Ligand SMILES: [Zn+2]
C-alpha cells in the first residue's frame, strides 16, 4: 500500500517523535525510501528546534515577572511597616526636655554623697561635663519626659560624689536658649548657656538641596531622567525621614540616636516609594496593550 505524499506529510511530525503505530511507521518508511521530497521534509522537521522550547520562553518570562512583582510587593509592605514602626518608636521615645521648675528635683547631701531625686514626670536624665567660663569642669544635668503613656511612673534617683558636683552642678533645659540653672556647688557669676546642637540641621539642608538639584536635573534632562530621579529619591527620603522623626526641628540634643532613627525611616520611605513606583509602572503596562508594529 503506497501512501500519497500529502498523507505522509501530515504524519511526519508524529513519525519524527516516534509517536506513530509500528504499522504506520513501516508504511511511512517504505514511502520515504522512494520519495526524496518527503525525505527532505522529514530532515527539516528533525533539524528544527524542538517544538516544546517555544512556549517555555514566554512562560519563563511570565514566571520571572510574577516573582519580581511578589518581591516588589514584599519590599513595599516591609518598607511601609518599617517607616510606621520607626515613626511611632521615635514619637513615643524622643526626649522632650523639661524646663527647670522648683519641684523638678530635690538634692540631698549625705556625707560625701549627693542624692538627686527627679519628679515623676521625668523619664530619663543625663549628666555631662562642661567646661565653665573659668576653665573649671561643670556638671550639667538634663532631664526629659517622653510621650510613652504606659509603665509605672516612679521617681528617678541617682547618686554622685559631692566632690564631683563641687565645681558647680547646673541644670540645662535644652530649650532654644539652652539656659543653665544653678543647682549645687560653686556658682559662677553671669548666666551660662549651651547652644543647641545643630549638626543634624546641616544634614537636612544638604539633603534638601541635593534632592532639589537632582530632581530638577531629572525633570529637565530627558536622557538620564530615570537615574537622576532615582538618585534624587535618596536625599528626598532622608528629608522625609528627618520630618517623620524630628518634625521641622533641626536641633537634636542626641544626634547619634536621632540620626539612626532618621536613616531607618528614610530607608523605609525609599523602599516604599521605589517599590510603589515600580508596581504602578507594571500596572500601567498591563492596562495599556503594548504597541506593536
Ligand atoms: Zn512523498
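Please treat every number below as a calculation from the coordinates, not as lab data. A quick note: this is a predicted structure, and the numbers were derived from the prediction, not measured. All Cβ positions, even for glycine, are placed from backbone atoms using ideal geometry, and neighbour counts span all protein chains on display.
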0 to 90° range, to nearest 10: angle between helix 22-32 axis and the chain longest Cα axis: 70
Taking a temperature of 25 °C and a viscosity of 0.890 mPa s, what whole-number D in µm²/s does Stokes-Einstein yield for region 65-129 with Rh from Kirkwood over alpha carbon pairs? 150
Cα-based Rg of region 1-47 per 2.2 N^0.38 Å, rounded to two decimals? 0.99
If every alpha-carbon in the chain counts as one equal scatterer, what log10 I(q)/I(0) does Debye give at q = 0.10, 0.13 1/Å? -0.79, -0.99
Residues 116, 245, sorted so that the one with the fewest Cβ neighbours within 10 Å comes first: 116, 245
Rg and Dmax of region 99-184, using alpha carbons, in Å: what are they? 13.4, 44
With a 10 Å Cβ neighbour count serving as the proxy for reagent exposure, in which order, fewest first, do 31, 242 appear? 31, 242
Once the piece of chain linking residue 248 and residue 280 is laid out straight, how much longer is it, given 0.36 nm per residue of separation minus the C-alpha distance between them? 8.5 nm
What is the list of residues in region 255-284 whose amide nitrogen lies under 14 Å from a point 7 angstrom out from the Cα of residue 84, following Cα to Cβ? 269, 272
In whole angstrom, note down how far apart the Cα centers of region 3-44 and region 53-104 are. 62
Working from Cα positions, state the angle (0 to 90°, nearest 10) between the long axis of helix 36-47 and the longest principal axis of the chain. 10
If we count other beta carbons within 10 Å of each Cβ, what is the order of 96, 243, fewest first? 96, 243
